[in-house]
1. I'd like to know if the stretch 143-165 contains one or more residues that are of a type in the set (D, E), modelled with pLDDT under 95 and in a loop (DSSP other than H, G, I, E, B).
2. Quick check on my filter: what residues within the stretch 27-51 are touching a Phe, Trp or Tyr at 6+ places or on another chain (Cβ under 9 Å) and more than 19 Å from D14 (Cα to Cα)?
3. Which residue, of L40, L32, L126, is of a type outside the set (K, R), assigned by TED's automatic domain parsing to the domain that holds P146 and surrounded by 13 or more Cβ atoms within 10 Å (Cβ to Cβ)?
4. Those residues that are within 17 Å of the chain's Cα centre (by Cα) and assigned to a strand (DSSP E or B), I need them from the stretch 180-213; list them, please.
5. Answer yes or no as to whether T75 is surrounded by fewer than 14 Cβ atoms within 10 Å (Cβ to Cβ), among the hydroxyl-bearing types (S, T, Y) and either closer than 28 Å to I25 by Cβ or modelled with pLDDT under 95 (or both).
6. Look at the stretch 136-159 and say how many of its residues are surrounded by fewer than 21 Cβ atoms within 10 Å (Cβ to Cβ) and not small (G, A, S).
7. Please go through (1) under 23 Å from M19 (Cβ atoms); (2) modelled with pLDDT under 95; (3) part of a helix (DSSP H, G or I); (4) β-branched (V, I, T) for V177 and return the number of the only condition it doesn't satisfy.
8. Run down K117, K72 and say which single residue is without any contact (Cβ under 8 Å) to a residue 60 or more places away in the chain, more than 30 Å from F3 (Cβ to Cβ) and either not assigned by TED's automatic domain parsing to the domain that holds S173 or not in a loop (DSSP other than H, G, I, E, B) (or both).
Amino acid sequence: MKFYFFDLDGTLEDSRDDMVYSVNIVRELLGLHPRNNDELKKHVNRGMYELYMACFDDYFKQSINFDLSYQKIKTEYEKNYLENICLKSFCYEGVKDVLEELSKNSKIIIVTNKPEKHSRALLKELNISEYIIDVMGGDSCEEMKPSALPLKIAAKRHGFVSDRDSSYMVGDSAGDVEAGKAFGAKTVWCSFGYNKTFGTTKPDYVIKSPLELLTLL
């Protein structure tokens with residue numbers, strides 16, 4: 001039995017338009033001017049803390065209480081993004097075919113830094129949740145990628161036996177490659193995703209499209 005750990009954003013789908021749309025909704029609620037979508041998109045794949053700090057930096061500068069301001073932004077963003085989870089988000093070409101084929105003889109787990117609730121909602125809206133046995137979001141445990149802890153928890157939960165099974169971590173970021181290596185999985189970097197480099201840790205494989213997975217693995 002093989003285990004495939006997939007990142008979500010920039011690997012299976014592109015959700016940047018909906019994320020920055022929600023950012024600007026919250027900015028308006030806070031009395032801030034909207035920002036250019038392309039500028040905001042640079043910050044959507046670095047974890048939620050980094051997104052809040054970069055996209056609402058002007059709000060934090062005028063804030064008296066950082067913790068209260070952060071919680072307000074977090075609450076409003078999570079609410080609005082969940083309401084607008086899949087307006088323009090889309091799966092990359094071939095993703096559904098790949099997941100359908102791999103799920104026949106393997107277990108597929110999502111390991112993402114996006115909050116778990118939003119990840120599950122997006123997978124459902126994209127009609128690919130049926131191929132996924134579990135989701136580890138950025139808030140599912142005390143650590144997130146590049147830590148290997150989310151992979152370890154999911155693997156233990158679903159009976160992964162390291163001396164018998166094979167595992168792969170598929171993603172588009174340096175954090176995906178680092179987490180996969182730390183776990184002991186073979187790593188696949190997606191050059192078609194959000195990021196233009198895999199960082200300093202070299203992946204085992206590089207693919208230019210999702211469908212390459214079927215011939216590669």
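The values are calculated or read from the model by the stated rules, or taken from the named source; none is laboratory data. Owing to the predicted nature of the structure, the values given are computational and were not obtained by experimental measurement. Glycine gets a Cβ as well: all are built from the backbone with ideal geometry, and neighbour counts include every protein chain shown.
1. Going residue by residue through the stretch 143-165, those that are of a type in the set (D, E) are 143, 163, 165.
Now drop any that are not modelled with pLDDT under 95, which leaves 163, 165.
Filter once more, keeping what is in a loop (DSSP other than H, G, I, E, B): 163, 165.
Yes: the stretch 143-165 contains one or more residues that are of a type in the set (D, E), modelled with pLDDT under 95 and in a loop (DSSP other than H, G, I, E, B).
2. Those that are touching a Phe, Trp or Tyr at 6+ places or on another chain (Cβ under 9 Å) and more than 19 Å from D14 (Cα to Cα): R27, L30, G31, L32, Y49.
3. Numbers: L40 fails: assigned by TED's automatic domain parsing to the domain that holds P146; L32 fails: assigned by TED's automatic domain parsing to the domain that holds P146.
Unique residue meeting the criteria: L126.
4. T187, V188, W189, C190
5. Numbers: surrounded by fewer than 14 Cβ atoms within 10 Å (Cβ to Cβ): yes; among the hydroxyl-bearing types (S, T, Y): yes; either closer than 28 Å to I25 by Cβ or modelled with pLDDT under 95 (or both): yes.
Judged against the criteria, T75 is a match.
6. Here the count works out to 11.
7. (2)
8. Values: K117 fails: more than 30 Å from F3 (Cβ to Cβ).
On inspection, the qualifying residue turns out to be K72.
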